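What follows is a set of notes on a single structure, which appears directly below.
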Amino acid sequence: MGGWPKKLQHIVLGKRKPLRGRPGASLKPLNFKKVEAELAAKLKHEPTTDDVFSHLMYPEVFAEFAKFTRDFSDLSVLPTPAFFLRDARRPGNFRRDRGRQNAFHPVGQR
């Protein structure tokens with residue numbers, strides 16, 4: 001009862017047997033505090049919970065993302081035109097308004 005049709009299982013798995021039970025039940029326990037400490041040493045700052053989980057699920061992708069963020073800062077605060085188009089009206093010249101959090105203006109405009 002339930003599960004994938006046997007014919008489809010055979011096509012996908014070939015001669016391997018399907019797993020039974022809860023996904024992940026056979027994984028070894030993980031010490032999150034240890035992983036967090038190791039990641040903090042690599043990043044040279046305290047990782048967020050999202051950083052730890054991203055690192056665990058996608059280690060190579062997260063390492064590349066962390067390097068990019070270290071080299072270029074957090075670009076998630078840039079408005080989309082500044083990031084992708086660099087603003088069609090004034091290519092390239094954006095400054096951050098230090099008096100307001102995450103406020104970006106094309107140079108020469110307010």
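Things worth noting here:
- Every residue from the stretch 43-72 that is aromatic (Phe, Trp, Tyr) and more than 20 Å from residue 31 (Cβ to Cβ): 65, 68, 72
- Any hit, the stretch 66-73, residues being of a type in the set (Asp, Glu) and either touching a strand residue (DSSP E or B) at 6+ places or on another chain (Cβ under 8 Å) or modelled with pLDDT under 95 (or both): yes
- Yes/no for residue 97 being modelled with pLDDT of 75 or more and either under 22 Å from residue 30 (Cβ atoms) or surrounded by 10 or more Cβ atoms within 10 Å (Cβ to Cβ) (or both): no
- Taken across the stretch 21-33, residues that are surrounded by 11 or more Cβ atoms within 10 Å (Cβ to Cβ), on the phi < 0 side of the Ramachandran plot and either touching a Leu at 6+ places or on another chain (Cβ under 8 Å) or not in a helix (DSSP H, G or I) (or both) do not occur at all.
- Filter result for the condition that a residue is assigned to a helix (DSSP H, G or I) and in contact (Cβ under 8 Å) with a residue 24 or more places away in the chain, over 8, 56: 56
The values are calculated or read from the model by the stated rules, or taken from the named source; none is laboratory data. Worth saying up front: this structure is predicted, and the values here are computed from it rather than measured. When we count neighbours, we look across all protein chains shown, and the Cβ atoms used for this are built from the backbone with ideal geometry, even at glycine.
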